[in-house]
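The values are calculated or read from the model by the stated rules, or taken from the named source; none is laboratory data. This structure is a prediction, so every number in the text was calculated from the model and none was measured. Heads up, the Cβs are rebuilt from the backbone with ideal geometry, glycines too, and the neighbour counts pull from every protein chain shown.
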Amino acid sequence: MGIIDLAAACAGQTGPQPWAREAGWKIGPNDKPSWCGLFVRAIWRRDGRDVPDWTMGSANLGYLRSTYDPHPGCLVMFRGKTGHQALFERIDG
């Protein structure tokens, strides 16, 4: 099963759970975590990739390379370096 299939199997699940739990990140009572980066990393882990620990409030992307030729399953970032993160699926149109 590929990354996109793994992600599609999670359709409708919103976070931050189970993504934070899967990444080993404990959510405190006053935390308001964004689950988008947790989701991407959880799917990558399910695919067997080595993913560094998540650091909340940081894009934590120093180990990745930028590309203008993304492939399915690549991380897509928008709204700045610590903005929203998602998985690339395909170019449509």
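Worth a mention:
- All positions within the range 77-93 that are of a type outside the set (Phe, Trp, Tyr), out of contact with any Ser or Thr (no Cβ under 9 Å at 6 or more places or on another chain) and surrounded by 13 or more Cβ atoms within 10 Å (Cβ to Cβ): MET77, ALA86, LEU87, GLU89
- Test: ARG49 is exposed (fewer than 15 other Cβ atoms within 10 Å of the Cβ) and modelled with pLDDT of 85 or more: yes
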